[in-house]
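Remarks on the structure that follows.
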Amino acid sequence: MKENDICNVVAEALGLKPGNVSVNDGTETLREWDSLGFLSILGALENKFGAQVAAIDDLASVKSVKEIIDIFKKEGII
Amino acid sequence: MINAKITHIEYYLPEKIVTNEDLAKDNPDWNFKLIEPKTGILSRHIVGEGESASDLAIHAAELLIEKNGIDRSTIDALLFCTQSPDYILPTTACAMQERLKLSSGTAAFDFNLGCSGYIYGLAIAGAMVNSGISTKVMLLCAETYSKYIAADDRTARTVFGDGGSATLIESSEASGALGPFVLGTDGKGKDKIMVSAYPDERLHIDGAAVFMFTMNKVPACVTELLAKAKKNISDIDLFVFHQASKVVIDNIVRILSLDESKVFRGYEDVGNTVSASIPIALKQAQEDGRVKKGDLIMLVGFGVGYSWGATLIRWKERL
């Protein structure tokens, strides 16, 4: 469920319909996930999951939804 | 509190304008339908061949002196904030003292900071005036980042513009026109915005890391300044953030739940002019009628270093 939340946050941040982004998507599969689109994703994650997200340095280098999920699990956010 | 105040601000932008259409012609693969809503920037001014940051600052300083009838002999300090100096040495401010025909009793020096530089400059100028070291300080901020940016750098070319500003800081009978200040540094971000001799003297930006830094530090900096000044967020009449880009200011506004009518945005036709961005925005706000006498304005700068700073100014009738 939480993983699906992250997919939907990413979709919404990129202006895509919920359900159009899966765990395996990322910079390779989503044209909208460019350097500027990534900023929207980071802002949307902070908005959804709280201020602690902005303090996770590793998040700045993720290239896929799966990497976000792995970091969030490691940090105990989901 | 500091017994110093800002009395005048002017700015100068180079004549050459580069629009998003111009950039799209050179780079057909850049999708401005995706870029423009994020940056909020439609055009920027770029220096011409042989034009330097000191030229932009001198233009702004001359405007300030001429428009306000300032007696050059009364200026006793000249501070130049730039990361685009004319020379490695001598100090560019020393050469500018001569170009501006200021007295030899002028203290002149450069300091190297980026987007937080204006706040640091106000802190230094305010302290110099408050301590009696100086009576009238001219703070110049100017950048020509365009010279550092690679032609194919989509993120930086669409965001940065060149520009220069001049601000006069003088003694004030009462405190409360400038300050208090919050200043901070996190050197762990040193390589996130960098121009280094090796490998190529080009601007390298880790946009995502810098964005995370702004979401993490800027709201905290605002909150810290409010506590230091014993003010509530509702006491602030206008917020003038460093004009980084739309997406950055959008997220700061969202995190702090700010009233958009109290946030100034002036990046559309100027871009991000680094240390000159806050004084340019302040002057634009005045020209747009967004400030009135007595308004309490928060200025917040943040970026390369990482470095950040915030202060409050109480607006006087005319700048």
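Read-outs throughout are calculated quantities, based only on the coordinates presented, and are distinct from any laboratory measurement. Keep in mind that what you see is a predicted model, and the values were worked out from it rather than measured. A quick note on method: Cβ atoms are made from the backbone with ideal geometry, for glycine too, and the neighbour counts reach across all protein chains shown.
For B:94, A:7, the sequence from fewest to most other C-beta atoms within 10 Å is B:94, A:7.
Can you tell me what share of the DSSP beta bridges in chain B is antiparallel? A percent to the nearest 5 is fine. Approximately 70 percent, going by the DSSP bridge assignments.
Per residue of B:245-257, other chain Cβ atoms within 10 Å of the residue Cβ number 2 on average. Compute the relative contact order of chain B as a whole-number percentage, counting only Cα pairs closer than 8 Å that sit 6 or more residues apart in sequence. 26 percent.
Working note: Karplus 6.51/-1.76/1.60 with θ = phi - 60° gives region B:244-261 the couplings 5, 4, 4, 5, 5, 5, 3, 6, 5, 4, 5, 5, 8, 6, 7, 6, 4, 5 Hz, where Gly and Pro are set to x. Comparing B:124, B:88, B:75 in a Gaussian network model of chain B, where Cα atoms under 10 Å apart are tied by springs, the biggest mean-square fluctuation is seen for B:88.
By how many nm would the segment from residue B:183 to residue B:26 lengthen if fully extended, with 0.36 nm per residue of separation less the alpha-carbon distance? Display every interim value, and only then the final one.
Numbers: separation 157, 0.36 × 157 = 56.52 nm, distance 4.01 nm.
Length difference between fully extended and current span is 52.5 nm.
Just need the relative contact order of region A:2-74 here, percent rounded to a whole number, with Cα pairs under 8 Å and 6+ apart.
Working: 67 pairs, mean separation 25.7, N = 73.
Reported as a whole number, the value is 35 percent.
How much length is gained if the chain between residue A:52 and residue A:27 is pulled fully straight, taking 0.36 nm per residue apart and subtracting their Cα-Cα distance, in nm to one decimal?
Numbers: separation 25, 0.36 × 25 = 9.00 nm, distance 2.39 nm.
Full extension of this stretch gives 6.6 nm more.
Working note: Karplus 6.51/-1.76/1.60 with θ = phi - 60° gives region B:304-315 the couplings 2, x, 4, 9, 8, x, 8, 8, 10, 10, 9, 6 Hz, where Gly and Pro are set to x. Of the residues B:157, B:44, B:72, the one that moves most in a GNM of chain B with alpha-carbon contacts below 10 Å is B:72. Close amide H pairs (under 5 Å, H built 1.01 Å from N) link residue B:2 with B:176, B:178, residues at least 5 positions away or on another chain.
Given R0 = 35 Å, the distance between the Cβ atoms of residue B:89 and residue A:70 translates into a calculated FRET efficiency of 0.10.
Which order results if B:153, B:191 are arranged by neighbouring Cβ count within 10 Å, fewest first?
Details: B:153 17, B:191 11.
In increasing order of surrounding Cβ atoms, one gets B:191, B:153.
Counting neighbouring Cβ atoms within 10 Å and putting the fewest first, the residues B:118, B:306 line up as B:306, B:118.
What FRET efficiency, computed as 1/(1 + (r/R0)^6) with R0 = 22 Å and r the Cβ-Cβ distance, is obtained for residue B:228 and residue B:287, rounded to the nearest 0.05? Provide the component values of the computation, followed by the final result.
Numbers: r = 30 Å, r/R0 = 1.37.
For R0 = 22 Å, the calculated efficiency reads 0.15.
Measuring against 29 Å, Cα to Cα, the residue pairs A:73/B:246; A:2/B:231; B:136/B:292 contain A:73/B:246; A:2/B:231 as the ones spanning a longer distance.
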